[in-house]
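In what follows, a structure is listed as structure tokens, so that the remarks can point back to it.
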Amino acid sequence: MAIKGSIVVDTERCKGCGVCLGACPNQVIALSKNVNGKGYNYAEPIKDECIGCASCAMVCPDGVITVYKTKL
Amino acid sequence: MVFNQDIIKPENLVYKRTNVLTDAVMHYCPGCGHGTIHRVIAEVIEEMGIQDKAICIAPVGCSVLAYNYFNVDSQGAAHGRAPAIATAIQRLYPDNHVFTYQGDGDLAAIGTAETIHACNRGENIVIIFVNNGIYGMTGGQMAPTTLIGMKTATTPYGRSVELNGYPLQITELLAELPGTYYVTRQSVHTPAAVRKAKKAIRQAFENQKGKKGTSFVELVSNCNSGWKMTPVAANKWMEENMFPKYPVGDIKVNGEKVSK
């Protein structure tokens, strides 16, 4: 049984500060090459190794990350 | 983007933005600790179920628009006078949860008198003090809490003791007063620190529920725009330079000073 997680980033609200990148234990998050409506390189998940620990959501100043977790 | 649609279902939700914050996009700079602190306070209010009883006193400073973000009753205060307003509202509505949200320029400079006297009277209020060592909103001028040698707009060669005096450790000062019941210093730069800060803010509101006296929570935060750094570098600089002067931890618990 493995714990699998997934995050959803509200890309329009994300300001691309990058604080979540360092908080992630599995380096799942990276800043996108694309920009949102305000011109920020928003954060996005790049790997399928999320464990749903919600560390990224804990440190996000704008609360743009929603976290899901399940046991497979 | 990697999305696992099998996982993204309402029953698997572990974390989402609290409804005690409004949908307004915060005006704070990217990576600013204010946003995290707002969210942590809102989560505590939601968990305690006191949204209809909480009253936020918004200060002057970067967080002057705090009432746009907290979905609770709010009152704006003149610069530094939030503890005085909070005193009045708490005395008129003793069963409500009145909290002030203040920065270091507001609380430790222009509002020193109000802060010290409200704490000395032991008013049953929660004071949230965000310390980033700088006047962020007005363009990064020196604040009382600015570190020695720190370069700001008004100390371009670094703060010197001869000219500007010493950094004000107002939290330690307030812990000496008999009116304060709970005095602590926390930060919000890592997930572990956020959890500890949340616990401390929860404790402060619980003390208020029990009408114990003033609860004072300092949160050492970053000001990446004022410090002229990236958000991640500012958090690292804060750990290396702010924490030796402003050590994180409880200073006074249950009316007794914590022995170090």
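The values are calculated or read from the model by the stated rules, or taken from the named source; none is laboratory data. Note that the structure is predicted; figures quoted are calculated from it, not measured. Heads up, the Cβs are rebuilt from the backbone with ideal geometry, glycines too, and the neighbour counts pull from every protein chain shown. Please note that ligands, DNA and RNA were not included when accessible areas were found on the heavy atoms of the full protein model with its side chains. Shrake-Rupley method; radii C 1.70, N 1.55, O 1.52, S 1.80 Å.
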Practice prompt. Taking the residues in segment B:157-207 that are in contact (Cβ under 8 Å) with a residue 12 or more places away in the chain, aromatic (F, W, Y) and farther than 17 Å from B:I41 by Cβ as candidates, determine which candidate is least open to solvent (accessible area, probe 1.4 Å).
Written response: B:Y181
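Give, as residue ranges, the strands (runs of 3 or more DSSP E) completely inside chain A that count at least 3 residues that are at the interface with another protein chain (Cβ under 7 Å from one of its Cβ atoms).
Working: elements: A:3-9, A:29-35, A:41-45, A:65-71.
Qualifying strands (runs of 3 or more DSSP E): A:3-9, A:65-71.
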Practice prompt. Spot the failing condition for B:R91; the list is (1) part of a loop (DSSP other than H, G, I, E, B); (2) farther than 22 Å from B:N131 by Cα; (3) touching an Asp or Glu at 6+ places or on another chain (Cβ under 9 Å), and only one is missed.
Written response: (1)
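Is one or more of the residues making up segment B:33-50 more than 29 Å from B:G179 (Cα to Cα), within 14 Å of chain A (Cβ to nearest Cβ) and open to solvent by less than 10 Å² (accessible area, probe 1.4 Å)? Quick ask: steps written out before the conclusion?
Just the residues of segment B:33-50 that are more than 29 Å from B:G179 (Cα to Cα), to begin with: B:35.
Add one more test, that the residue is within 14 Å of chain A (Cβ to nearest Cβ), and what stays is B:35.
Then drop every residue that is not open to solvent by less than 10 Å² (accessible area, probe 1.4 Å), which leaves B:35.
Yes - at least one qualifying residue is present in segment B:33-50.
Considering only residues that are assigned to a loop (DSSP other than H, G, I, E, B) and charged (D, E, K, R), look in segment B:1-32 and name the one that is farthest from the other protein chains (Cβ to nearest Cβ).
Initial filter on segment B:1-32 (assigned to a loop (DSSP other than H, G, I, E, B)): B:1-9, B:16-20, B:22-32.
When the remaining residues are screened for being charged (D, E, K, R), the result is B:6, B:9, B:16-17, B:23.
Values: B:D6: 8, B:K9: 7, B:K16: 5, B:R17: 4, B:D23: 9 Å.
Among those residues, the one meeting the criterion is B:D23.
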Worksheet item: All but one of (1) within 15 Å of B:I134 (Cα to Cα); (2) buried (at least 17 other Cβ atoms within 10 Å of the Cβ) hold for B:N241; which doesn't?
Response: (2)
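Do you know which residues across segment B:208-220 are in contact with a strand residue (DSSP E or B) (Cβ under 6 Å, 6 or more places away or on another chain) and either under 30 Å from B:Y15 (Cα atoms) or open to solvent by 10 Å² or more (accessible area, probe 1.4 Å) (or both)?
Here is the first cut: in segment B:208-220, the ones in contact with a strand residue (DSSP E or B) (Cβ under 6 Å, 6 or more places away or on another chain) are B:208, B:212-220.
Within segment B:208-220, B:Q208, B:K212, B:S215, B:F216, B:V217, B:E218, B:L219, B:V220 meet the criteria.
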Worksheet item: Among the listed residues B:T100, B:T112, which satisfies the condition of being under 21 Å from B:T184 (Cβ atoms), of a type in the set (S, T, Y) and open to solvent by less than 20 Å² (accessible area, probe 1.4 Å)?
Response: B:T100
